[in-house]
Amino acid sequence: MKYVDEFRDPDLIRNVSRELAQVVDPERDYRIMEVCGGHTHAIYRHGLRDVLPDNIELVHGPGCPVCVLPTGRVDDGLSIARHPDTILCCFGDMMRVPGTQGTPLELKATGADIRMVYSPLDALALAQQHPEKHVCFFAIGFETTAPSTALTLLRAQAQGIRNFSIFCNHVTIVPAMRAILDSPDMRIDGFVGPGHVSTITGCRPYEFIAADYGKPVVVAGFEPLDILEAILWIVQQLHAGEAKVENQYRRIVPWEGNRAALGALARVFALRPYFEWRGLGFISQSALALRPEFMPWDAEVQFEIPGVRVTDPKAAQCGEVLKGVLKPPQCKLFGKECNPERPVGALMVSSEGACAAHYRYASRQLVEV
Amino acid sequence: MCLAIPGQVVEMDAVQPLLAKVDVGGVRRNVNVGLLEQSELAPGDWILIHVGFALSKIGEEEARDQLRMLRAMGEDELAIEEVRGYAFDAEGAAHGAAG
Ligand code: SF4
């Protein structure tokens, strides 16, 4: 159980919580999406639901990198690991994401050389240490992570390291937000914007959401006060009939983003015409591929990738949960067939996944507010 | 997966200007600083680290905020484990000019 006094400015948290209770209009309800999986985790972990007025509903967004990767892409990545003399490197979260024939961890147990790395540079280092092998990095993540892949690739190019490739699954958050806004079965009043993604992208890319869709976006940090404040700002905008992008996380996020990182992204990646997201389907211009000049390092060029689209098991409702249409416990498999020890869907794997967060922390309360 | 870990610069690598030795909770590892706009990092500066790269330079207070946040999320040990796991400054890996 977490006590509010452990946090930054506990008095402020109480104040914001009280202010929210006073300003909300009891006659209406509010659906606010926290886009980023880190926020989802924080909301559950700290039991923030319990300090919000009942008519504010938090909808969990698509900002969890392993959650949105469709099963077919997991299978594609694992097909690379089946090649002889090949090492496939993944981030830790990825190791337990189920493909059609099991997780990377399970494939590793059958003898495939799959290794967990903490940085794409670790994968590149492995390639240098094993010139007799090919090392492929299974790249996933939003704009927070993609620049690191870009610099790693530029380094491989500069050093002429040819036994290295990237299986690129980087996605960008804004097209997913647009898809959610365009989806008929969804009504979102405002967005808590992603924190660390925005250190790279800045706040400008969200401006169309305010301008074209009339929805407030408040980029927020990850402490309870940050999230509550962002929600308060959204409610205040709604009441004022305003829609703008605000930056609650100014202490970390520059409005203009990180230009060096954006430059690296532009140099290395091109937008794919479309990419499949788990739950959200195909979204145009939502993912990154290596530019043609990086073909020698592009796993999709160097390996024959099956590229088969795989539908999730019928009972698994990851898609609905990812879109915010269903809450995690509304999935029939939740806590039964699907649990953190044996996840059926990716949302049960990562701590940023709504199902894993709900499973672990749903009973928590931020007491003593 | 989207951990952003605060670390303090201990020294800049004389041979490879894109690497900085960083201290995170007593663990010291090399971190790539090629994504920073301001290349003039100095020992004592704080940075936010993600998958082996510095995402941004931050103030000391922000670094402490970030640490407290990781602790409150129960992710501080994970963060140190991640930094301890960075293996790209190992022998043979980072020799030669930085990309
Ligand atoms: S409980 Fe499992 S199968 Fe159901 S939505 Fe969550 S991750 Fe998917």
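The values are calculated or read from the model by the stated rules, or taken from the named source; none is laboratory data. Owing to the predicted nature of the structure, the values given are computational and were not obtained by experimental measurement. Heads up, the Cβs are rebuilt from the backbone with ideal geometry, glycines too, and the neighbour counts pull from every protein chain shown.
Every listed requirement among (1) within 27 Å of A:Ser17 (Cα to Cα); (2) buried (at least 24 other Cβ atoms within 10 Å of the Cβ) is met by A:Thr201 save one, (1). Among residues of segment A:167-194 that are within 26 Å of A:Cys89 (Cα to Cα), those with a Cβ under 9 angstrom from a residue that is part of a helix (DSSP H, G or I) and charged (D, E, K, R), sequence gap 6+ or separate chain, pair up as A:Phe167/A:Arg73; A:Phe167/A:Asp76; A:Phe167/A:Glu300; A:Cys168/A:Glu300; A:Asn169/A:Arg73; A:Asn169/A:Asp76.
Does A:Asp93 satisfy the criteria of being touching a Pro at 6+ places or on another chain (Cβ under 8 Å) and among the acidic types (Asp, Glu)? Answer is yes for this residue.
The listed residues are A:Pro175, A:Pro147, A:Pro205, and the only one of them that is facing chain B (nearest Cβ under 10 Å) and within 30 Å of A:Pro224 (Cα to Cα) turns out to be A:Pro147.
Within segment B:72-91, one or more residues are closer than 25 Å to A:Leu126 by Cβ, among the aromatic types (Phe, Trp, Tyr), crowded, with 16+ Cβ neighbours inside 10 Å and modelled with pLDDT under 95. Restricted to segment A:64-134, the set of helices (runs of 4 or more DSSP H) holding at least 3 residues that are among the aliphatic types (A, V, I, L, M) comprises A:71-81, A:104-109, A:120-129.
For segment A:244-252, does any single residue satisfy the condition of being assigned to a helix (DSSP H, G or I), closer than 29 Å to B:Arg64 by Cβ and among the charged types (D, E, K, R)?
So the first thing to find is which residues in segment A:244-252 are assigned to a helix (DSSP H, G or I), and the list is none.
Looking for residues that are assigned to a helix (DSSP H, G or I), closer than 29 Å to B:Arg64 by Cβ and among the charged types (D, E, K, R), one finds none in segment A:244-252, hence no.
Yes or no, residue by residue, for (1) part of a helix (DSSP H, G or I); (2) touching a helix residue (DSSP H, G or I) at 6+ places or on another chain (Cβ under 7 Å); (3) not assigned by TED's automatic domain parsing to the domain that holds A:Thr145:
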residue: A:Arg187; (1), (2), (3): no, no, yes
residue: A:Val192; (1), (2), (3): no, yes, yes
residue: A:Ile209; (1), (2), (3): yes, yes, yes
residue: A:Lys215; (1), (2), (3): no, yes, yes
residue: A:Val218; (1), (2), (3): no, yes, yes
residue: A:Phe222; (1), (2), (3): no, yes, yes
residue: A:Ile227; (1), (2), (3): yes, yes, yes
residue: A:Trp233; (1), (2), (3): yes, no, yes
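Here is a yes/no grid of residues against (1) closer than 30 Å to A:Val310 by Cβ; (2) under 18 Å from the mean Cα position of the chain (by Cα); (3) at pLDDT 95 or above; (4) surrounded by 21 or more Cβ atoms within 10 Å (Cβ to Cβ):
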{"residue": "A:Met33", "(1), (2), (3), (4)": "yes, yes, yes, yes"}
{"residue": "A:Gly38", "(1), (2), (3), (4)": "yes, yes, no, yes"}
{"residue": "A:Ile43", "(1), (2), (3), (4)": "no, yes, no, yes"}
{"residue": "A:Ile56", "(1), (2), (3), (4)": "no, no, yes, no"}
{"residue": "A:Gly61", "(1), (2), (3), (4)": "yes, yes, no, yes"}
{"residue": "A:Cys67", "(1), (2), (3), (4)": "yes, yes, no, yes"}
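For segment A:330-350, residues that are surrounded by fewer than 15 Cβ atoms within 10 Å (Cβ to Cβ) and either more than 8 Å from the ligand (Cβ to nearest atom) or closer than 15 Å to A:Gly37 by Cα (or both) total 4. Of all residues in segment A:290-315, those that are in contact with a strand residue (DSSP E or B) (Cβ under 7 Å, 6 or more places away or on another chain) and free of Cβ contacts under 8 Å to residues at least 60 places away in the same chain total 1.
With respect to the conditions (1) outside the structural domain of A:Pro273 (by TED's automatic domain parsing); (2) in contact with a helix residue (DSSP H, G or I) (Cβ under 7 Å, 6 or more places away or on another chain), A:Gly202 falls short on a single one, namely (2). Quick check on B:Val9: is it over 26 Å from A:Ala357 (Cβ atoms), at pLDDT 95 or above and β-branched (Val, Ile, Thr)? When the stated conditions are applied, B:Val9 passes them.
Results for (1) part of a strand (DSSP E or B); (2) more than 12 Å from the ligand (Cβ to nearest atom); (3) more than 14 Å from every other protein chain (Cβ to nearest Cβ); (4) in contact with a Cys (Cβ under 8 Å, 6 or more places away or on another chain), shown as yes or no for each residue.
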position	(1), (2), (3), (4)
A:Ile305	no, yes, yes, no
A:Val310	no, yes, yes, no
A:Lys314	no, no, yes, no
A:Gly319	no, no, yes, no
A:Glu352	no, yes, no, yes
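Applying the criterion of being more than 10 Å from chain B (Cβ to nearest Cβ), small (Gly, Ala, Ser) and within 22 Å of A:His46 (Cα to Cα) to the residues of segment A:210-256, the residue that is nearest to the chain's Cα centre (by Cα) is A:Ala220. Looking at A:Phe275, A:Phe294, just one residue is modelled with pLDDT of 95 or more, part of a helix (DSSP H, G or I) and more than 16 Å from the ligand (Cβ to nearest atom), and that residue is A:Phe294.
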